[in-house]
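Working notes, structure below.
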Amino acid sequence: MDKKPLDVLISATGLWMSRTGTLHKIKHHEVSKRKIYIEMACGDRLVVNNSRNSRTARAFRHHKYRKTCKHCKVSDEDISNFLTKPAENSTSVKVKVISTPKVKKAMPKSVSRAPKPLETSVSAQTSANKSGSVSVHAKSAPNSSSSTSTPAPALTRSQLDRIEALLSPEDKISLDAAKPFRELESELLERRKGDLQRIYAYERENYLGKLERDITKFFVDRGFLEIKSPILIPAEYVERMGIDSDSELSKQVFRVDKNLCLRPMLAPNLYNYLRKLDRVLPDPIKIFEIGPCYRKESDGKEHLEEFTMLNFCQMGSGSTRENLEALIREFLDYLGIDFEIVGDSCMVYGDTLDVMYGDLELSSAVVGPVPLDREWGIDKPWIGAGFGLERLLKVMHGFKNIKRAARSESYYNGISTSL
């Protein structure tokens with residue numbers, strides 16, 4: 001399906017979706033060669049890149065939103081138009097319904113079911129009986145039953161989940177019709193035990209820890225100063241990042257009490273470091289941090305409530321988009337990851353550069369200065385980007401679920417520990 005640019009998608013609905021999933025009514029918008037200038041009915045204004053692959057464009061194609069803006073007065077008809085897929089309004093394609101296919105249980109992508117054994121033809125038996133060959137069939141029946149094994153019963157949902165948990169990306173498993181669940185599970189258990197034994201004998205490195213060390217070496221070798229800042233931060237830092245108490249991102253913050261919270265991002269502490277180090281260090285200032293962050297994220301294959309972030313930034317001379325893209329390219333080439341960079345926007349920084357692997361967002365990058373800088377005493381140009389390490393591992397090792405790459409007691413290097 002051809003991906004329509006963002007201006008076509010918002011013109012069709014007259015709506016705009018913010019990064020938090022809030023639908024706004026568009027009062028007026030203008031499209032230039034690469035930009036869209038948008039004014040909302042609530043008075044908010046923004047400028048975004050006219051991209052086919054931005055987060056908002058993807059949300060429009062998926063027809064999903066979280067809530068509507070209280071001040072924009074989005075009508076039920078507007079919402080209905082937003083939720084209606086274009087194919088439903090299309091009259092240029094004629095569809096002929098042949099039959100309704102039966103719905104089969106979902107199978108793990110790594111598992112393929114072997115073809116069913118050929119069933120005995122009732123018509124053939126009937127014609128044979130009519131021709132007087134009854135005695136032949138009677139004699140051959142015991143032999144056929146002994147040579148053809150009884151097909152194993154179909155796997156239940158819980159059995160499929162168990163097989164999915166035991167599979168590794170390298171497994172090429174065929175669910176043979178004659179192989180019962182216990183036999184298949186036993187085979188995978190032996191493979192996973194062997195995998196853990198080999199790791200213990202030869203490697204002994206955790207994927208997440210090794211990636212942290214590799215990334216640290218990459219940035220230190222390029223003149224960046226490593227930072228380790230507090231995980232517990234003042235709650236006011238979140239508000240100074242432009243995250244109001246009634247915003248969706250604010251609801252994702254783990255609050256310890258009214259004054260402290262677990263950091264949902266690394267940016268506040270790095271802002272403070274840039275301001276303080278600017279008094280001491282030569283131009284440009286280059287720093288990075290790798291550490292855990294916490295958000296009440298929705299459960300899924302791409303999100304974690306505890307995750308590991310890399311943030312790097314450079315302030316002062318050389319802080320250009322070209323240098324930022326060159327550094328991102330060098331970094332991901334170092335890790336052996338294919339990617340593309342597309343324009344987008346977010347509620348914290350405004351215009352951003354999203355680093356994508358297919359439909360998976362690996363990073364959001366920013367070219368400063370941005371209005372938010374004044375809150376932190378920063379008045380110089382800067383560039384920076386943030387990467388989720390678990391998402392990088394998911395891509396590097398072909399994991400289907402990001403939980404295999406996370407800090408976990410259930411998996412070690414993507415291998416189930418429930419053996």
Problem - Radius, Kirkwood style, for the range 236-331 when every pair of distinct Cα atoms is counted (Å) - result: 15.4
Handout entry: Options ALA267, PRO180, SER229, ranked by Cα towards positive dipole end of the range 176-277, top entry (Cβ charges)
Key = SER229
Handout entry: Dimensions in Å of the range 205-414 - Rg and Dmax from alpha carbons
Key = 16.6, 46
Exercise for the section: Give the peptides 317-325, 332-340, 399-407 in descending order of average Cβ contacts within 10 Å, highest first. Expected result: 399-407, 317-325, 332-340
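What shape does the range 4-81 take by its C-alpha gyration tensor, where a ≥ b ≥ c are the square roots of the eigenvalues and a/c under 1.5 counts as rounded, a/b above b/c as prolate, and the rest as oblate? Spell out each step's value before the answer.
Details: a/c = 1.68, a/b = 1.24, b/c = 1.36.
Here the range 4-81 falls in the oblate category.
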Problem - Centroid-to-centroid separation of the range 11-60 and the range 273-321 [C-alpha atoms, Å] - result: 27
Handout entry: In sequence order, calculated HN-Hα J values of the range 219-230 (Karplus, 6.51, -1.76, 1.60; Hz; x Gly/Pro)
Key = 7, 4, 5, 9, x, 8, 8, 7, 10, 10, 10, x
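Please label the shape of the range 166-309 as rounded, prolate or oblate, based on the square roots a ≥ b ≥ c of the eigenvalues of the alpha-carbon gyration tensor (a/c under 1.5 means rounded; beyond that, a/b larger than b/c means prolate, else oblate). Numbers along the way, then the final one.
Working: a/c = 3.67, a/b = 1.76, b/c = 2.09.
It comes out oblate by the Cα gyration axes.
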Handout entry: Cα Rg, Dmax (largest Cα-Cα span) when computed across the range 156-200, Å
Key = 11.1, 35
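Where does each of 258-271, 204-217 land if you order them by average Cβ count within 10 Å, highest first?
Result, highest mean first: 258-271, 204-217.
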Fill in the blank from the handout: Protection proxy (average C-beta count within 10 Å per residue), highest first, orders 45-54, 194-203, 386-395 as 386-395, 45-54, 194-203
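Each value in this text was obtained by applying a stated rule to the coordinates, not by laboratory testing. Keep in mind it's a predicted model, so treat the numbers as computed, not measured. All Cβ positions, even for glycine, are placed from backbone atoms using ideal geometry, and neighbour counts span all protein chains on display.
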